[in-house]
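S.K.: My questions all concern the structure below.
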Amino acid sequence: MRAIMMLVVLTCIGAIVYGNFHWNAKLGSAMDQEYVSTSANTNPSNTDEKVVGNKEELTEQDFGEIPLEVSEFLLEKQNKGEVVELVIIGSEVNELADNKWSKLFKEELETTYEGLFNITVNAIPGEVTTADVVNESLYLENVVTKPDIVILEPFLLESNGFIIMEHSLQNISTMIDGLKEKNPELFVFLQPGQPLRNATYYPMDVEELKTWAEENGYPYINHWESWPKESDEVSKYIVNDDIIPNEEGHKIWAEHLIDYFIGETKN
């Protein structure tokens with residue numbers, strides 16, 4: 001009789017233990033499911049992807065055809081309320097007109113982006129070659145602040161016939177290195193000077209500059225695409241028999257850069 005009672009007690013204890021274990025297992029499973037559900041609803045990764053997507057759309061829309069990394073940099077500066085130091089460096093043609101391209105370009109950027117850019121123009125006077133500019137550090141004149149962006153027109157026209165292109169490219173590399181000493185994170189854009197009519201070797205140098213820029217990862221602003229292709233047509237945009245663009249020539253030059261930097265947001 002005592003043995004039977006002991007067996008009953010043990011059976012009851014076993015049932016209680018098993019029931020408690022089973023209940024705890026079910027409770028833990030329900031809590032795990034609730035945690036997974038809550039995590040799925042609050043996971044920030046989906047939100048982050050949407051933010052990045054919107055950011056890419058904004059940069060493409062607001063900053064023309066410039067590289068995405070530059071667009072993102074400009075958008076970040078704009079969001080922080082910081083000024084971008086943009087320096088234009090080139091031959092004196094960049095300043096030889098009342099409505100020169102650099103002035104038109106500067107005014108358009110300042111109007112469109114409402115003070116985002118502080119633009120400095122370093123137009124080096126005289127018939128200087130790439131060697132002159134490097135040897136006398138002329139390219140650093142007027143660069144008094146740390147530049148964020150430089151648009152460099154590297155004096156190929158005056159160098160043509162005096163400096164072989166291989167040496168000019170070395171000089172251009174030296175200019176860029178010198179500028180990057182002021183800001184290692186500097187963005188450098190290269191562009192040619194104005195086109196000429198009936199030129200033979202100068203266009204070859206410009207094409208070599210374009211290839212060199214692409215091979216070395218520097219954005220190349222090919223404003224020649226916007227000029228007429230025929231020599232007689234080019235003459236309409238040059239002052240008399242000189243090599244200097246007239247106001248219409250400067251306008252063509254400016255419009256190309258405005259489209260490149262502003263695109264659809266142009267006023």
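S.K.: For region 127-181, just say rounded, prolate or oblate: build the C-alpha gyration tensor, square-root its eigenvalues into a ≥ b ≥ c, call rounded for a/c under 1.5, and beyond that prolate if a/b exceeds b/c, oblate if not.
M.R.: prolate
S.K.: For the pairs Lys100/Lys180; Lys106/Lys236; Lys103/Lys210; Lys180/Lys251; Lys77/Lys146; Lys80/Lys106, note any where the Cα-Cα span goes beyond 23 Å.
M.R.: Violating the 23 Å Cα-Cα cut-off are Lys100/Lys180; Lys106/Lys236; Lys103/Lys210; Lys180/Lys251.
S.K.: Ok, one more. Please compute the length gained on full extension between Glu141 and Asn246, using 0.36 nm multiplied by the number of residues separating them and subtracting their Cα-Cα distance.
M.R.: The Glu141-Asn246 span can extend by a further 35.2 nm.
S.K.: Under 37 °C and 0.692 mPa s, how fast does region 67-197 diffuse according to Stokes-Einstein, given a Kirkwood radius computed over C-alpha pairs? Answer in µm²/s, whole number.
M.R.: Answer, rounded: 212 µm²/s.
S.K.: Here's a follow-up. What are the ³J(HN,Hα) values, in whole Hz, obtained from phi via the Karplus relation 6.51 cos²θ - 1.76 cosθ + 1.60 with θ = phi - 60°, for each residue of region 72-81 in sequence order, with x given for Gly and Pro?
M.R.: Per-residue couplings from phi come out as 5, 4, 5, 5, 5, 4, 4, 5, 8, x Hz.
S.K.: Can you give the FRET efficiency for Ala199 and Ser226, using 1/(1 + (r/R0)^6), R0 = 22 Å, r = Cβ-Cβ distance, to the nearest 0.05?
M.R.: Result of the calculation: an efficiency of 0.80.
Quick note: the coordinates plus some simple rules give every number you see, no bench work behind them. Model, not experiment: these values are computed from the prediction. Here the Cβ is made from the backbone with ideal geometry for all residues, glycine too, and neighbour counts use every protein chain on show.
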